[in-house]
Each structure stands twice: as C-alpha cells, then as structure tokens.
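The values are calculated or read from the model by the stated rules, or taken from the named source; none is laboratory data. Just so you know, these numbers come straight off a predicted model, no measurement behind them. Reconstructed Cβ throughout: ideal geometry from the backbone, glycine too, with neighbour counts over all protein chains shown.
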Amino acid sequence: MSGPVGPELPDELLDRMQYVADRPADLAVARIVGPWPILPEDAGAEALRAAHGEQWRRLAAATQLLSQMQDAEAAPGGERPPLASLIGDDPSVPGLGEVLRDFVNEGATLPEWAEPAKIERAERLFIEYGPLSCVLLFCASLPECYVIPDLAMVLNASGQLEKRTDYRIRMTAAMIFPVMMKGGMAANGAGIAQVLKVRLIHATIRHLILRGTPHHAVEQLGEERRGDANAGIVPAHDALAHSPAMFETMSAHGWKLGADGLPCNQEELAYTLLTFGYVFLRSLRRLGIGLAQDDEEAFLHCWNVAGHVLGIVTDLMPRTMDEAEALFDRMQARGRAEATASDPRPELGRALVATMERAIPFKLLKPFPGLMLRYLCGVQTARDLGVGGPVKRAGSLLFSAAMLLARGIDALGRVFDREFSISRFGTRIAGYRFVTRLLMDQSRPLVLPDHLLRRVDTMMDAWGEDPKAPGWVNRVEDRLTTAGSWRTATRPRPGNG
C-alpha cells in the first residue's frame, strides 16, 4: 500500500470520493436488473410494484444465489473450492449465475499487499478479545457508524434500524465473524464470500435509491452541479414510503444527489470500515487495555484487506492508528458539517440503546449501555444520537465510580501481574449478556450456514475463560455469567421449543 492517508489526503479527493461508488459491483447489478422504468411522482403503490417488481425479483434471486458461496464446507485438507464455482443458476432468471460468477471471479482476488501473517495475527486477537468486541460493536462501532447523516439516512431508509434493531445488529455480526474467524480472509475464505455479498448489497442499495446506475446518475449531474442542493433530485414515492419490504422502501425513499453525493459512496464506505477496525482499537485504549502497536497495525491490515474485497479504494485505507485517527476525525467532521432537513440519527441511536438496555437484567444498571457509549465515543457523538441527555443520578454515579475504581485497581494489579485487568473482566461480563441475549439467541440465529455456526460455537467455547486472567477472576466471572462454554447459555431452555 502506498499514497497519502489521513491528514495528507487533500479535501478535493474526499469531495470527489462522495461521487465515486464501486463500478464492478454497480455494473453487475445493472446486468441483473436491466433498465429501470421512469414513473411519475404521484404513481400509486400498485403501479410502482407492477413497474419495478421484475427488478426486485431479480435482485432477490441474486441474493439467494450469492448465499451459495458460503454453504460449502472446506475439504478435509482445509482447501475450499473457488467461490465462483459454488454459484449455480436460476432457471427463472437466465444468465444471472453467469453475471454473479463474473463478479465474484473479479472481486475475490486479494490485493498484492495482503500479508497472511498479519491477517492470522488479527484473527488470533479477535478470538482472544471476542467478548469485548461484541460490547464495542454495540457501544462504539455501530454508534459511530450512525454519526454521518447520509449514512444514517440510508440505514433509516431500509426501515430496519429503528424497527428491527436487534436483527440488523445480528446481520452486522454475521459479516464480522466470518471475516475475523480463522481463514476467513484466506483465498476463497468464508469472510471473502460474506464481504462480496455485502458489496453487492451496497450496489443494490445504490440502484434502488437512484433507480438506475450510479455512474449514469453522476454523469447526468455533471461536475459543475456537485454540491447544488437543487440538482440531481430523485423524487420520493410516498405510496411505498411505509412498506415493510426493504426493496420497496429503498426504491421509494428519494435522494438529493447534488447535495448528498451517492448513497454508499467511497468516503462513507471507508468511514464505515474504520468503525470496525480503528474504533474497536481506540475503544480498547480508552478502557485501558490497548494492544501493542504491531497488534493494532495487524488488526487494521486485516480490515483493509476486507475493505479491498469490499471495493474500497486503497487511498482511503490507513495503515497506522495515527493515520486512522486523523482520517476518521476528518470524515466525521465533514459529515457533521452537512446540514440535514430531518435528522434520522437520534431515532437510530435511541433504538440501539433501548435494545442494549433490554439485555441488562437489573434496573439500576440499565443506564450503563448509554453511559458506556458516551464514554467510548464522546459526548458529541452521544448528542448526535439523541442519548447525550441527563440520566438518573444513581446510575450515572455508579457508572463513574465503577470506571474510576476499575482503572485504579488495574494500575495496582499490574504491579504484580502485567496482564491483570478488571476493566476487561467487567467488559467480558457485559459481552456475555449481549452475546447470549442479542447475537446468539437460538430462536433468532445469525444468518450463516450451519458449518459457520458450528465454528462460531467453537469460538464461544474459547470465550468461556479469559486466558489472561488469574484463576480466581475466572471463577468470579463464572458465577456472574455461566460456568464453562458460553454457547450452553444460548441453547433453548427445556419447554421453550
């Protein structure tokens, strides 16, 4: 990897990236759906469904075929067949399989700069810090993802974040786990398959919202009208605005291309990638359990490789924490500076915090998720998401006391044991609640094939004990969570089906 990153990136490049999408994925979707009919703004729901129903059906069929890439298990020797070879055909959509195989053949190639040793190191770190990563996904990565107004608008348009928040969280975990589990980003790995599926979903979102190809929309807009709030307007179709079907709500949403750039553009994709890599590492630092520099850079490298497969340009991938911090802060400031007529972020933020609170069993501790979000992301992000207001005094005082006490005990404990961390102990207990109540509830399993779910189970076996903690700390943790493997706590109880 080479080129300017972080503070050295010119603003002109970031401005341009708002109008750059992912041409290979967008062309694949264009081949799948064909031309989109143009309808008047006052078209009724039935007219819209009749006009766009075939495109929606083709996109749904493509999603089903792409899922076949993950269904095959590795051979006994550990080798997986080429991903494209796992994609079949759909007789109802002639040529669809060929389009997808072409897309996967092109997209599954790892970059020349990928370093297997760094990827393997990042995988080991994820296994070791997995319980914490689940807490940080809820309390840091997802909240920071919602801060950019245009990103929040796309998420809000799907109708899933505020209405089915827990479902969306599990879908995010269903991408993170295959990427970070052993061999996920190796040749033909399950992580590559999942990332390519997400990449095509991004292209699908762009086509649905714009009702056409992104590059054509940008050409029609012209460079001189970028930033013009009255240019490139895709009118909303109110008739389908409240449909429960995602394809329909996305198609009905409308967009202001001149003012907002492309949906799921390069800057937004790069920012989202940073929430999975950089924000996770930053949060560990803020908890007082940061990793060594080489470990941090290995973790960033693994996510950069995933970003390459996701179609993100290399210039937007930082290699160090300093570069990542500078780029993240710049992108966040640019996003906050964009005026929005209606701000969807508070609704999304409050829905996320409410979902976490439902996993907390004790009333006094229910403010902790929102307070942890504020602690890890900062007051400004909490305010952006509508969760920065006052909380009950008892809960706030208890949280502040717990954080101060944890840092003090850690400082004292490390005099005798360099790996000792009460902060990690407390975060693991919270991680247990989130994993067992929200991510791995067997009545609502992750959307992954059985062989990957078995690997997740194996990973949860390893999470049952903290290898860095003294035996007495693990025994206390067992009393507050469950003894042995965490996966036993996710199984249905007798009599519950």
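Observations on the model:
- G370 being in a loop (DSSP other than H, G, I, E, B), closer than 29 Å to S342 by Cβ and either free of Cβ contacts under 8 Å to residues at least 24 places away in the same chain or under 21 Å from the mean Cα position of the chain (by Cα) (or both): no
- Among the residues making up the stretch 93-110, those that are at negative phi and loosely packed, with under 15 Cβ neighbours inside 10 Å are P94, E98, N105, E106, T109.
- Qualifying positions in the stretch 364-383 - over 19 Å from L132 (Cα atoms) and buried (at least 20 other Cβ atoms within 10 Å of the Cβ): T381, A382
- Options G232, G227: the member that is touching a residue at least 24 places away in the same chain (Cβ under 8 Å), surrounded by fewer than 15 Cβ atoms within 10 Å (Cβ to Cβ) and within 17 Å of M17 (Cβ to Cβ): G227
- Yes/no for S485 being more than 22 Å from the chain's Cα centre (by Cα), at pLDDT below 85 and surrounded by 16 or more Cβ atoms within 10 Å (Cβ to Cβ): yes
- The residue that is modelled with the lowest pLDDT, among those in the stretch 235-251 that are assigned to a loop (DSSP other than H, G, I, E, B) and among the hydrophobic types (A, V, I, L, M, F, W, C), is A241.
Condition check ((1) assigned by TED's automatic domain parsing to the domain that holds L66; (2) touching a Gly at 6+ places or on another chain (Cβ under 9 Å); (3) at pLDDT below 85) across all residues:
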residue: G408; (1), (2), (3): no, no, no
residue: S421; (1), (2), (3): no, yes, no
residue: T436; (1), (2), (3): no, no, yes
residue: D466; (1), (2), (3): no, no, no
residue: A469; (1), (2), (3): no, no, no
residue: W472; (1), (2), (3): no, no, no
residue: R479; (1), (2), (3): no, no, no
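- Restricting E41, E106, E123, E128 to residues that are assigned to a helix (DSSP H, G or I), touching a helix residue (DSSP H, G or I) at 6+ places or on another chain (Cβ under 9 Å) and closer than 22 Å to I205 by Cα narrows the list to E106.
- Taken together, L208, L281, L269 contain a single residue that is in a helix (DSSP H, G or I), farther than 30 Å from E54 by Cβ and assigned by TED's automatic domain parsing to the domain that holds C139, which is L281.
- Qualifying residue in the stretch 288-298 (condition: under 24 Å from V198 (Cβ atoms) and either buried (at least 24 other Cβ atoms within 10 Å of the Cβ) or not assigned by TED's automatic domain parsing to the domain that holds F103 (or both)): no
- Candidates A430, A382, filtered to the one that is closer than 28 Å to V456 by Cα, under 29 Å from the mean Cα position of the chain (by Cα) and part of a helix (DSSP H, G or I): A430
- Taking the criterion of being surrounded by fewer than 19 Cβ atoms within 10 Å (Cβ to Cβ), in contact (Cβ under 8 Å) with a residue 24 or more places away in the chain and either at positive phi or out of contact with any Cys (no Cβ under 9 Å at 6 or more places or on another chain) (or both), the residues of the stretch 121-140 that qualify are I127, E128.
- Test result for L132, in contact with an Asp or Glu (Cβ under 8 Å, 6 or more places away or on another chain), among the aliphatic types (A, V, I, L, M) and modelled with pLDDT under 90: no
- Residues of the stretch 211-234 classified as farther than 15 Å from T249 by Cβ and part of a loop (DSSP other than H, G, I, E, B), total: 10
- Number of positions in the stretch 400-432 that are touching a residue at least 60 places away in the same chain (Cβ under 8 Å) and either surrounded by fewer than 22 Cβ atoms within 10 Å (Cβ to Cβ) or of a type in the set (F, W, Y) (or both): 5
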